[in-house]
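Written below as structure tokens is the structure these notes are about.
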Amino acid sequence: MSSESPNEELLEHVLLPVANEDDALATARALKPYGPNHVTVLHVVEKGGGVPDKSPVEQSEELAAESYAAVRSVFPDADDHTAYGRDVADEIFEAAGEVDASAIAYRARGGNRLMNFLSGDISLSLVTEADRPVIALPREDEI
């Protein structure tokens, strides 16, 4: 039997998916009070899958680098991981397996029902399809 508490095991290695620099900073700040042992920040570059990409890959990679820097301002030892794909939730799940994350922590981006429908409601996929614990972090305006 492990001497770690369930919370310590849950927070051993947290995968932190982020969308952009502002989101990365807010998400890292929301996670900080929980004291994770290790953080890997993930940015998914959405690929078009036969249709034009939402933004040029170079621009997306620059956005990822800015996001990683924002998380490192809160968690200096955070690792980074970039994924490329059409289905963001699937890329998050795959990355969690690749880095052997103990949990996925995310902060809901907000938006109305139409925006959630159009985006495929990644939050719903995260909490219903994950193969590991998912931690929904409070939004700054809810703390």
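Contact map, the range 128-143: residues that are under 18 Å from Tyr34 (Cα atoms) and assigned to a helix (DSSP H, G or I) paired with residues that are modelled with pLDDT of 85 or more and of a type in the set (D, E, K, R), Cβ distance under 8 Å, separation 6+ or inter-chain. Pairs shown: Glu140/Arg29. Among the residues of the range 44-71, those that are at pLDDT 95 or above and under 18 Å from Ala101 (Cα atoms) comprise Tyr68, Val71.
Candidates are the residues of the range 1-15 that are of a type in the set (D, E, K, R) and either in contact with a Cys (Cβ under 6 Å, 6 or more places away or on another chain) or more than 18 Å from Gly97 (Cβ to Cβ) (or both); the one that is modelled with the highest pLDDT is Glu8. Every condition in (1) loosely packed, with under 15 Cβ neighbours inside 10 Å; (2) at pLDDT below 95; (3) more than 16 Å from Thr27 (Cβ to Cβ) is met by Ala130 except one, and the failing one is (1). Condition test on Ala105, is it touching a helix residue (DSSP H, G or I) at 6+ places or on another chain (Cβ under 9 Å) and under 15 Å from Thr27 (Cα atoms)? Here the answer is yes, as Ala105 does meet what is asked. Count of the range 61-111 residues, restricted to those that are among the small types (Gly, Ala, Ser) and not in a loop (DSSP other than H, G, I, E, B), is 13.
The values are calculated or read from the model by the stated rules, or taken from the named source; none is laboratory data. For clarity, every value in this text was computed on a predicted model and none was experimentally measured. Reconstructed Cβ throughout: ideal geometry from the backbone, glycine too, with neighbour counts over all protein chains shown.
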